[in-house]
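Readers should treat all values here as calculations from the given coordinates under stated rules, not as data from a laboratory. Remember, predicted model here, so these are calculated numbers, not experimental data. Cβ atoms come from the backbone with ideal geometry, glycine included; neighbour counts cover every protein chain shown.
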Amino acid sequence: MPLDGGTNFGPHEILSLIGKGGMAEVYRTEGTVLKRNVALKVLSEGFLADPEHKIRFQREAELITCFVR
């Protein structure tokens, strides 16, 4: 289910949908604490019950964090 602009998701305010794939949706957001734009990837509900997808999602997040630093 897509998130609408202006919706708060944790410490992020959704600005717009960047892209959507079979496994997740990616949003452009603004951090409400540090006031900077970040991409936020949200795993689709159907994949939450599958441990393998959760592991892949976690691994991707860890790799992206390494490249951003």
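Were the residues from Leu15 through Ala61 laid out at 0.36 nm apart, the gain over their Cα-Cα distance would be 14.5 nm. Taking the Cα centre of the chain as origin and assigning +1 to Lys and Arg Cβ atoms and -1 to Asp and Glu Cβ atoms, the resulting dipole is close to 300 debye.
Here each label is just a point 7 Å from Cα along the line to Cβ, and for Asn8 and Met23 those points are 3.1 nm apart. Taking amide H as placed 1.01 Å from N in the peptide plane, the amide H of Ile18 sits under 5 Å from that of Val26, Tyr27, Arg28, each at least 5 places away or on another chain. Cross-link reach is defined here as a Cα-Cα straight distance under 16 Å, omitting same-chain residues fewer than 8 places apart; for Lys41 the aspartates and glutamates meeting it are Asp4, Glu13, Glu25, Glu30, Glu60, Glu62. The three principal axes of the C-alpha atoms in the chain carry coordinate ranges of 33, 30, 19 Å, sorted with the longest axis first.
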